[in-house]
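Here is the structure we will look at, set down as structure tokens.
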Amino acid sequence: MNERIATFNRILKIREDLRKDEQAVLASERNEEREVLNQLTRLENERAQAINDFSRTGTQAVSANDLWFQRQFIDAINTDIMHGNQALDDVRARIVDTEARLVEKHKDVRIMETYIDHLKEADFHEQLNLEQNELDDVATMQYSRKEAI
């Protein structure tokens, strides 16, 4: 029984390691999400500043070329924001997938822990029964000796 418990403890250790690996992946994906969010915030601020600069040029004399370049700059920022939003959606989808895998890994670990606990309990009861049988045998031998005398 102890060999069986040891075998399942090794399996449990492997499953716990897999769960830790999945937790590390989730942590890295969450860091990536934070980085993308920070980048999007920076781009939003940059776009707001560019729009503000563009609107201020309406009161000044500027060439059509300058207006075109400012507009192209705003469009480039909008494109970057669009790509950033797509990257954010991708990261969040990966996070959802990783969380689902992590829940499954956690369930696997809990099932294995429960099974090992049942094996240990069964082993404990088996040991108690063996001890009780030995005590019964000793008591029977003692009783038989008294009867023989």
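Just so you know, all these numbers are worked out from the coordinates, no wet-lab data involved. It should be emphasised that the depicted structure is a prediction, and the values quoted were computed from it without experimental measurement. No Cβ is skipped: glycine too gets one built from the backbone with ideal geometry, and neighbour counts run over all protein chains shown.
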- Message: Running a GNM on the chain with Cα contacts under 10 Å, which residue among Ala93, Ala48, Ala61 ends up with the highest mean-square fluctuation?
- Response: Ala61
- How many lysine pairs in the chain, separated by 8 or more positions in sequence or lying on different chains, have Cα atoms less than 27 Å apart? 8
- If you place +1 on the Cβ of every Lys and Arg and -1 on the Cβ of every Asp and Glu, how big does the dipole about the Cα centre of the chain come out, in debye to the nearest 20? 400
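Given R₀ = 41 Å, FRET efficiency for Asp89-Asn9 by Cβ-Cβ distance, to 0.05? The partial results should precede the final answer.
Values: r = 42 Å, r/R0 = 1.01.
The pair Asp89/Asn9 has a calculated efficiency of 0.50.
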- Task: With no solvent and one equal point scatterer placed on each C-alpha of the stretch 43-145, evaluate the Debye formula and give log10 I(q)/I(0) for q = 0.20 Å⁻¹, two decimals.
- Result: -1.01
- Item | FRET efficiency, Glu131 to Asn38 (Cβ-Cβ, R0 41 Å, nearest 0.05) | 0.05
- Query: So, in Å, what gap is there between the alpha-carbon centers of the stretch 100-149 and the stretch 4-83?
  - Reply: 57
